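The block underneath contains the structure these notes are about, expressed in structure tokens.
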Amino acid sequence: MPLCQEHVDGESVRSPRGEYVIGNTIIGQGATSIIKLAFNLRTNEPAAAKMVNLLLYSNYFQKELSALSRISHQNIVKLLDYKLSDDKSSGVLFLEYLPFPCLFDHIQKFGRFSEEICWKILSQIVDAFKYIHDMGLCHGDFKPENVMYDHTSHRIKILDFGLTRSSDEKPQFIGSPLYMAPEVHLRKPYDLFLADVWSIGICFCEMLTGDTPFRDCQDTDDLLDCLLSDDDGFSFLEDLSQNFSANATNLLKTMLTRDPRSRITINGVKQFLENLGFNENTDVPHQPS
């Protein structure tokens, strides 16, 4: 049955651009927010109402609002509207409704992707990141949980811009440990954009293999030891070379370089993909769900 406002019994919220009804159906939940199904009362179109406690997470809310207000890209979730409570204790971001799961959930349910589809997804991710990097913004918390994936079209949308930083801001040493670059873990000044590239590389590896390379680390100290060990390259990269193409492993080696001064930039990754004939509009065959 198609979604429609009549099937939702919830709170009506008047925002700067219209009026929404927020139902009780939770469609997502993160560390700083709860996302509920909502509807635009004028158009009867569904939306995702991202609800944030501003007493605790005002900075995350303001960062995401500021970033998404500037962004317009086919592979990034659209901001439709927003609303603050009268006492400014809570806020809602009304985002486009995406009726499909995130990359992480898809991998958990169906396992790794074919390499061909990995290239397709990576091309869209890189196109979106080149767009925001060219604007002087970094994402700051990129991981498969923050990528919605439509398996019928292989199109993706990137979410969660609460840790977004601009190039003139000081870096912060927070994020998702398994996807954070070594220099972020070390809590030293670092290049925001090259840290994003590392996170994309970890995501690409997870799409190819079905798991993150550092999942078996027992704690953050163990993870840091793995990231900073002095061996000649990560052993998992050598293992990948036996199962995937030279292009995939060579790109990963340039993205997952410990020293950020030697790491490839997002422009370099995009050029690498274009040289292989991959871009965000490359067609790929349907992969059964």
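The values are calculated or read from the model by the stated rules, or taken from the named source; none is laboratory data. Every value quoted in this text rests on a predicted model; they were computed, and no experiment measured them. Methodologically, a virtual Cβ is constructed for each residue, glycine included, from the backbone with ideal geometry; neighbour enumeration extends over all protein chains shown.
Annotations
- Against the conditions (1) modelled with pLDDT under 90; (2) under 17 Å from Thr257 (Cα atoms); (3) not aromatic (Phe, Trp, Tyr), Ser176 satisfies every one except (2).
- Residues in region 173-197 that are closer than 21 Å to Asp221 by Cβ and part of a loop (DSSP other than H, G, I, E, B): Phe173, Ile174, Gly175, Ser176, Met180, Ala181, Leu186, Arg187, Lys188, Tyr190.
- The residue that is surrounded by the fewest Cβ atoms within 10 Å (Cβ to Cβ), among those in region 170-198 that are aromatic (Phe, Trp, Tyr) and out of contact with any Lys or Arg (no Cβ under 8 Å at 6 or more places or on another chain), is Tyr190.
- Consider region 154-173 and keep the residues that are at pLDDT 95 or above and out of contact with any helix residue (DSSP H, G or I) (no Cβ under 6 Å at 6 or more places or on another chain). The one that is nearest to Gln62 (Cα to Cα) is Lys157.
- Verdict on Ser90 being of a type outside the set (Lys, Arg) and loosely packed, with under 14 Cβ neighbours inside 10 Å: no
- Helices (runs of 4 or more DSSP H) wholly inside region 215-265 containing at least 1 residues that are crowded, with 17+ Cβ neighbours inside 10 Å and modelled with pLDDT under 90: 220-228, 235-240
- When region 133-143 is filtered for residues that are in contact with a Cys (Cβ under 8 Å, 6 or more places away or on another chain) and surrounded by 23 or more Cβ atoms within 10 Å (Cβ to Cβ), only Phe142 remains.
- For region 203-215, a residue qualifies if it is among the acidic types (Asp, Glu) and in contact with a Cys (Cβ under 9 Å, 6 or more places away or on another chain), and exactly one does: Asp211.
- Looking only at region 144-169, and only at residues there that are in a loop (DSSP other than H, G, I, E, B) and acidic (Asp, Glu), the one that is surrounded by the most Cβ atoms within 10 Å (Cβ to Cβ): Asp160
- Set Phe129, Phe100: member being in contact with a His (Cβ under 8 Å, 6 or more places away or on another chain), among the aromatic types (Phe, Trp, Tyr) and buried (at least 20 other Cβ atoms within 10 Å of the Cβ): Phe129
- Residue check, Lys36 touching a Lys or Arg at 6+ places or on another chain (Cβ under 9 Å), in contact (Cβ under 8 Å) with a residue 12 or more places away in the chain and in a helix (DSSP H, G or I): no
- Residue selected from region 18-45 under the condition exposed (fewer than 13 other Cβ atoms within 10 Å of the Cβ) and under 20 Å from Phe61 (Cα atoms), by the criterion modelled with the highest pLDDT: Ile26
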